[in-house]
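Enquirer: Can you read through this structure? Questions will come right after.
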Amino acid sequence: MPHELPSLAYDFNALEPHIDEQTMRIHHGKHHATYVAKLNEALDKHPELHKKPLEDLLRGLASVPDDIRGAVNNHGGGHSNHSIFWKNMKPGGGGQPAGALADAIKSTFGGFDDFKAKFTAAAANRFGSGWAWLCRDAGGKLVIQDFPNQDSPLTKGLTPLLGVDVWEHAYYLKYQNRRPDYLAAWWNLINWADVAERFGR
């Protein structure tokens, strides 16, 4: 089955004032939709790959045929990254995590404030377009890593838990070149229940 654009769990204006309605409409309905369409277009060249889950395609990127590997990395990564990004946010989000996720953040980074500072720095200092992610590595340890363009943590053997999009299309209409202001606002939207569910898988 072709991959599909996932619906949002909230209205386009629900993340105001932190992310504006117009940005959400364009980001979801244009940018993310294009990644899905281009991924399906690439997979049409090897129809048997339509049967593979997206996560399996990205984790096994080296085994994807050469002629579509770049497209699967770019468009499949974009589809996967955005699908997580939308769920990582919710109206009235923010605050801090609890339970096992909070304990892991404290033991790994020294505390929530230290984690927040390190994550924000990774996102702010990612040159050009890309993402910052909190991930779990193969050994179960939490790591913060930034990636260029639409590269997915899955292609590096990491499990993505929390990601922030720092492509300009994610924030430029409201924040222009003020990426730090966008990042500061984004912390007010985090759906820690979703992040904790991913951490517990």
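Enquirer: Within the stretch 21-73, how many residues turn out to be among the polar types (S, T, N, Q), in contact (Cβ under 8 Å) with a residue 40 or more places away in the chain and under 22 Å from residue 156 (Cα atoms)?
Expert: Qualifying residue count, the stretch 21-73: 1.
Enquirer: Does residue 41 satisfy the criteria of being more than 23 Å from residue 132 (Cα to Cα), surrounded by fewer than 20 Cβ atoms within 10 Å (Cβ to Cβ), modelled with pLDDT of 95 or more and acidic (Asp, Glu)?
Expert: Details: more than 23 Å from residue 132 (Cα to Cα): yes; surrounded by fewer than 20 Cβ atoms within 10 Å (Cβ to Cβ): yes; modelled with pLDDT of 95 or more: yes; acidic (Asp, Glu): yes.
Taking the combined requirement at face value, the residue satisfies it.
Enquirer: Another question, then. Name the residue that is surrounded by the fewest Cβ atoms within 10 Å (Cβ to Cβ), counting only residues in the stretch 115-141 that are farther than 15 Å from residue 199 by Cβ and aromatic (Phe, Trp, Tyr).
Expert: 127
Enquirer: Here are the criteria: (1) under 16 Å from the mean Cα position of the chain (by Cα); (2) under 30 Å from residue 65 (Cβ atoms). Tell me which single one residue 4 does not satisfy.
Expert: If we test residue 4 against (1) under 16 Å from the mean Cα position of the chain (by Cα); (2) under 30 Å from residue 65 (Cβ atoms), just (1) comes out false.
The values are calculated or read from the model by the stated rules, or taken from the named source; none is laboratory data. These numbers were taken from a predicted model, which means no experiment stands behind them. All Cβ positions, even for glycine, are placed from backbone atoms using ideal geometry, and neighbour counts span all protein chains on display.
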